[in-house]
Amino acid sequence: MDIALLLFLLSGFVVVYVLAGYPLLLALMPTRKPVRAGIPKVWPRVSIILPVRNGERWIRSKLESLLALEYPHELLDIIVISDNSTDGTEAIVREFSPRVTLYRNPQSGKAAALNEGLAHAQGEILFFTDVRQAIDHQALKILVASFDDPRVGVASGELIIRKGHSFEEHNTGLYWQYEKWIRRRHTAIDSMMGATGAIYAMRRSLARTMPPDTLLDDVYLPLAAFFQGYRIVLVEEARAYDYPTSLNAEFQRKVRTQAGVYQVIGNYPELLGPRNRMWLHFLSHKVGRLALPFALISLLLSSIFLSPPWSSIALVSQIVFYALAVLDAFVPEYSPVKRITSLVRTFVVMVSAAFCGISILFRPAQSLWKAPTRA
């Protein structure tokens with residue numbers, strides 16, 4: 001077989017499998033009994049760990065929402081770690097003393113702040129959250145109830161992205177809906193390969209200190225529980241709420257998260273071996289996403305060397321597709337064409353972010369941190 005044709009077919013297979021074949025396979029797999037969501041049979045002590053840097057805009061409402069959680073207050077410790085905040089964050093946190101304890105770190109990044117929180121946490125259960133997202137008042141008790149199952153090591157809540165006003169925000173929301181569907185299926189099969197950083201809980205006995213340059217703390221810590229034989233589950237009834245991001249901000253976030261996948265493979269090489277009970281899913285979902293941009297590039301380049309007329313058909317089809325993504329910047333929001341161009345552009349931007357994630361091999365991990373701008 002011609003080398004160009006072989007490369008074209010292999011690249012096409014990767015693209016089709018990652019985008020359609022694996023989701024279809026996932027939908028057909030057998031599932032287990034859903035995780036229990038309700039009121040805990042036992043109310044363990046919980047340490048809430050909230051890292052923050054310059055969160056003056058959100059910290060007051062966040063702490064008020066945490067204090068309003070439906071959980072016995074005497075069993076709740078709220079720990080705020082300021083990563084050398086230079087605005088009014090720390091002054092506001094001190095207003096909530098003694099219910100809230102503040103620790104100040106030199107500016108070292110989120111992972112170092114979380115490590116500081118772990119060092120001071122006394123609860124049997126750790127609850128991790130971020131400063132920006134609103135937490136439903138029942139979320140904590142629902143997550144804690146899932147630990148009545150001794151096999152559960154990490155319980156992640158669901159992040160609800162509020163409705164956007166533009167096609168751009170709508171399509172990034174659609175992407176998140178697709179991602180949550182995959183997480184639900186993974187939970188039903190066995191475990192997710194991470195948690196939602198804004199709202200998840202885990203057993204204190206399973207947590208471990210992270211490398212200070214960790215990009216995906218909400219993957220690193222849950223995997224520590226997973227490789228000790230526990231499950232990582234999604235509990236949809238426990239909810240947090242956030243506003244949609246612009247596509248540019250989502251691109252920056254995806255570059256960091258995709259770079260973090262490279263990093264977490266280095267931290268947990270057993271992800272690629274038989275110790276990983278979700279080996280097929282990790283390769284198909286996480287590694288597949290990393291491979292997708294390279295498969296698309298290979299598909300385009302190999303098209304040039306195909307025999308006619310297939311070369312022209314393949315090239316024109318792909319050029320038109322990418323042209324739609326470029327055209328989107330010039331299509332007005334009210335145009336019906338925007339529904340197509342915006343969707344294509346969102347796909348291309350997300351794939352481009354996966355391509356840029358490999359930059360972690362050439363730059364410091366902390367340089368990839370940039371908080372997304374929310375509407």
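Laboratory data are not the source of any read-out in this text; all were calculated from the coordinates shown. The structure displayed is predicted, hence computed values, not measured ones. All Cβ positions, glycine included, derive from the backbone under ideal geometry; neighbour counts span all protein chains shown.
Observations, loosely collected:
- Taken about its Cα centre, the chain carries a charge dipole of about 440 debye when Lys and Arg each add +1 at the Cβ and Asp and Glu each add -1 at the Cβ.
- Pairwise FRET efficiency - Val316 versus Asp2, Cβ, R0 = 30 Å, nearest 0.05: 0.90
- Between Phe362 and Glu95, the distance separating the two model label sites (each 7 Å from Cα on the Cα→Cβ line) works out to 4.7 nm.
- In the chain, the longest principal axis of the Cα atoms and the axis of helix 247-267 are about 80 degrees apart.
- Test item: Cα-centred dipole of the range 46-244, Lys/Arg +1 and Asp/Glu -1 on Cβ, debye: 180
- Förster radius 41 Å - calculated FRET efficiency between Gln228 and Phe330, Cβ distance, rounded to 0.05: 0.20
- Only DSSP H runs of four or more residues enter the estimate; each adds -39500 (n - 2.57), and after division by the residues of the chain the mean residue ellipticity at 222 nm equals -14000 deg cm²/dmol.
- Pairs from Lys110/Lys163; Lys41/Lys110; Lys41/Lys62; Lys33/Lys180; Lys110/Lys338 whose Cα-Cα separation, in the structure shown, is over 30 Å: Lys41/Lys110; Lys110/Lys338
- Overall form of the range 4-157: oblate. Here a/c, set by the Cα gyration tensor axes a ≥ b ≥ c, is 1.5 or more, and a/b is not larger than b/c.
- Label-point gap, in nm, between Asp87 and Arg57 - each point 7 angstrom along Cα→Cβ: 0.6
- Of the trypsin sites (Lys or Arg not before Pro) found in the range 1-45, those in coil by DSSP whose Cβ has at most 12 other Cβ atoms within 10 Å are Arg32, Lys41.
- Listed residues Ala113, Leu76, His186: farthest to the positive end of the dipole of the range 46-244 (Cβ charges): His186
- Degrees, to the nearest 10: 288-304 long Cα axis against longest axis of the chain: 10
- For Lys141, the aspartates and glutamates whose Cα falls under 19 Å of its own Cα, not counting residues fewer than eight places away in the same chain, are Glu64, Glu70, Glu74, Asp77, Glu124, Asp130, Asp149, Glu158, Glu236, Glu237.
- Based on the Stokes-Einstein relation at 20 °C and a viscosity of 1.002 mPa s, and on the Kirkwood radius from alpha carbon pairs, the range 46-244 is assigned a translational diffusion coefficient of 126 µm²/s.
- Taking each residue as 0.36 nm, the span from Val287 to Glu124 lengthens on full extension beyond its C-alpha to C-alpha distance by 55.3 nm.
- Crossing angle, helix 3-16 versus the chain [Cα axis fit, 0-90 degrees, rounded to tens]: 40
- Among Leu361, Leu143, Leu221, the largest mean-square fluctuation in a Gaussian network model of the chain (Cα springs under 10 Å) belongs to Leu361.
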